[in-house]
Amino acid sequence: MADQDWKTLCAQRKQQQLDAIPPQWTIAPPPDSQRNVLNVPRTCGLLSPLELEITETADVDVLLQKLRTGAWSSVQATTAFYKRAIIAQQLTNCLTEIFIERALARARELDEHLARTGTPVGPLHGLPISLKDQFCIKGMETIMGYAGWIGRRAETDSVLVELLHECGAVPFVRTNVPQTLIWGETYNHVFGRTTNPYNRYMTPGGSSGGEGALVALRGSPLGVGTDIGGSVRIPAAFCGLYSLRPSYERLPYCRAVNAQEGQESISSSLGPMANSAAGVRAFTKAIVDAKPWRKDPLAVRKEWSAREYALEEHGGGARMCFAVMWDNDVVKPHPPVLRALEITKSALEAAGHIVIDWKTHRHLEIYKNTESIFAADEGHDYRTDCALSGEPLIQTMSPDTDAHEYALDAPFAKVIVGTPRHLSAWELWQLHREKRALRKAHLDHWEATASRTGTGRPVDAIISPVAPYAACPHGCNSDAFYTTLFNALDYACAGFPVTLADAARDRPAPPHAFRNSEDEAVYRLYDPELWHGMPVGLQLVGRTQEEEGVIGMLEVVDAALKKYKDTQ
């Protein structure tokens, strides 16, 4: 296509999205100078008192109880969340697909079933659920940030959507992603840039950034993203949410679209994002109980384990040992992140748990191996999809105007890996072999911690930063190794919010001996006034295929944090 053709195509598709918004659901947008927009849904006048009550019920268990008993109808809940999602779209540009009548028709079916039979359809009965723009819905476009994918309509639902219907849920919007999905930010030529509702100068993260912004604004009670290098945990941490990155193939990815399809050494995992730990548990248990291995040939045949969730392998959850990774020895975290680690350590110790320091193990080797696998096709996959329309491959997440002076755009990965080149099959196999050896070495390293825990067991879980910073300016999210490390090792990880950055408490640290160019750039990026008020989240890291245990430990940590904060 000529340059003007792809731009016209994108403009027309964006206009279609705008036309799908009911005029009565539009609001007078705040000025661009108003960076924090969290309170706009409460004050804009569009939502009724009942709709505010529904959408501000953060605990998904409460929502589900109201829906399954008929206290709130699915039509009421879907309408309330849809209106709030449309408000969120006008504030942060977080949506892609808007299909109001289709969603409300589904909600009416569920209400009629409950009225007729007196029983809910499934464990997620009546619950609106938002989906990242990778999960195909029959008859709808799945554009995934590429101009060349405009007009592609799915012939069938993704397996996840099939199971959500079986569970009684209402898929009701899809959310924005970056072109290529490889970014920890969210911008593409079709739908534009998504911003962070805590501060619109900052990124919500990526690649599930649309989900992060939407759920943070309470425009969805439960969102589903995907994570191959941190793409669920990063936006969750940047937007103050709870999340889960399951192990490879624990939850069904079949018939969802993806970048680099066929790359299976480091698989992408789908996972939930919510305003409560209850949402993470409710979603994961519902999908596992639906036996996804009946529909997805790669899905692990493992039923929900109540024994693992009860933490039987972790002393029943009464006295566990957590290891804090203060630093990954590649990039040192900013002061707000270090304070979040200190708070979590104090909360766990106050709750009677043991906390020790985590000793890093062969991180640079894992970093180089992982980035080399991702770059093995020398960008052929991304260029091929861009060539469908002639749109350029996006090289930076920095805005054309008002860009931050310290935009980084991932220079260190290039330093570590070198100039990408197209690897032969044999060369890629050697990387796979090396990755297996590194996973074995890390497993042995974890097992050896039994000598230091005082429980007779190895460390129960690692507490780690999600990124070296809280949500940062657009174009500045260059580092994802705090999360990608665990994708390479295939450890189940849960994200959780801890605190907000505080300019008075989180003063800049003096310069340290910089390990590399990225470490220095991240250090110089920090400005306590700019970061003030941004959410700071961490991740809890468990073992491979240990989702139930990780969720159980997430709830223990969350309860400890809430109790500790009440005493301060």
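So that you can scan it fast, the table gives a plain yes or no per residue for (1) out of contact with any Ser or Thr (no Cβ under 9 Å at 6 or more places or on another chain); (2) assigned by TED's automatic domain parsing to the domain that holds P535; (3) among the acidic types (D, E):
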| position | (1), (2), (3) |
| --- | --- |
| T384 | yes, no, no |
| Q395 | yes, no, no |
| R452 | yes, yes, no |
| T484 | no, yes, no |
Residue match in the range 372-384 (condition: touching a helix residue (DSSP H, G or I) at 6+ places or on another chain (Cβ under 6 Å), under 30 Å from A425 (Cα atoms) and outside any loop (DSSP other than H, G, I, E, B)): yes
Subset of the range 29-55 (residues that are loosely packed, with under 15 Cβ neighbours inside 10 Å, of a type outside the set (S, T, N, Q), at pLDDT 95 or above and not in a helix (DSSP H, G or I)): P31, G45
Cβ-Cβ under 6 Å pairs, at least 6 apart or on other chains, the range 235-252 side in contact (Cβ under 8 Å) with a residue 40 or more places away in the chain and under 22 Å from R301 (Cα atoms), far side in a strand (DSSP E or B) and not aliphatic (A, V, I, L, M): L244/G271; L244/P272; R245/D227; R245/S269; R245/G271; R245/C493; P246/S269; P246/G271
Among (1) farther than 30 Å from G168 by Cα; (2) in contact with a Cys (Cβ under 6 Å, 6 or more places away or on another chain) - the single one T8 does not satisfy: (2)
Unique residue being buried (at least 24 other Cβ atoms within 10 Å of the Cβ) and either touching a His at 6+ places or on another chain (Cβ under 9 Å) or not aromatic (F, W, Y) (or both) when the list is A278, A236, A259: A236
The range 169-221: number of residues that are among the charged types (D, E, K, R), buried (at least 24 other Cβ atoms within 10 Å of the Cβ) and out of contact with any Gly (no Cβ under 6 Å at 6 or more places or on another chain): 2
Any pair with Cβ under 8 angstrom, 6 or more apart, that starts in the range 209-227 at a residue that is assigned by TED's automatic domain parsing to the domain that holds V536 and at positive phi and ends at one that is polar (S, T, N, Q) and crowded, with 24+ Cβ neighbours inside 10 Å: R218/T55
Qualifying position, being more than 23 Å from E371 (Cα to Cα) and in contact with a Gly (Cβ under 7 Å, 6 or more places away or on another chain), among P535, P458, P473: P535
Restricting the range 380-402 to residues that are touching a His at 6+ places or on another chain (Cβ under 9 Å) and surrounded by 17 or more Cβ atoms within 10 Å (Cβ to Cβ), the residue that is farthest from G145 (Cα to Cα): S398
Candidates K285, K345, K302 - the one that is part of a loop (DSSP other than H, G, I, E, B) and either of a type outside the set (G, A, S) or crowded, with 18+ Cβ neighbours inside 10 Å (or both): K302
Options A85, A115, A107; residue that is within 21 Å of G210 (Cα to Cα), in contact (Cβ under 8 Å) with a residue 12 or more places away in the chain and either assigned to a helix (DSSP H, G or I) or under 22 Å from the mean Cα position of the chain (by Cα) (or both): A85
Filtered residue count, the range 274-302, keeping only those that are farther than 15 Å from I551 by Cα and not small (G, A, S): 12
Some residue of the range 306-313 being crowded, with 22+ Cβ neighbours inside 10 Å, assigned to a loop (DSSP other than H, G, I, E, B) and either among the aliphatic types (A, V, I, L, M) or in contact with a Cys (Cβ under 9 Å, 6 or more places away or on another chain) (or both): no
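The values are calculated or read from the model by the stated rules, or taken from the named source; none is laboratory data. Note that the coordinates shown come from a computational prediction; the quantities given were computed from them, not determined experimentally. Here the Cβ is made from the backbone with ideal geometry for all residues, glycine too, and neighbour counts use every protein chain on show.
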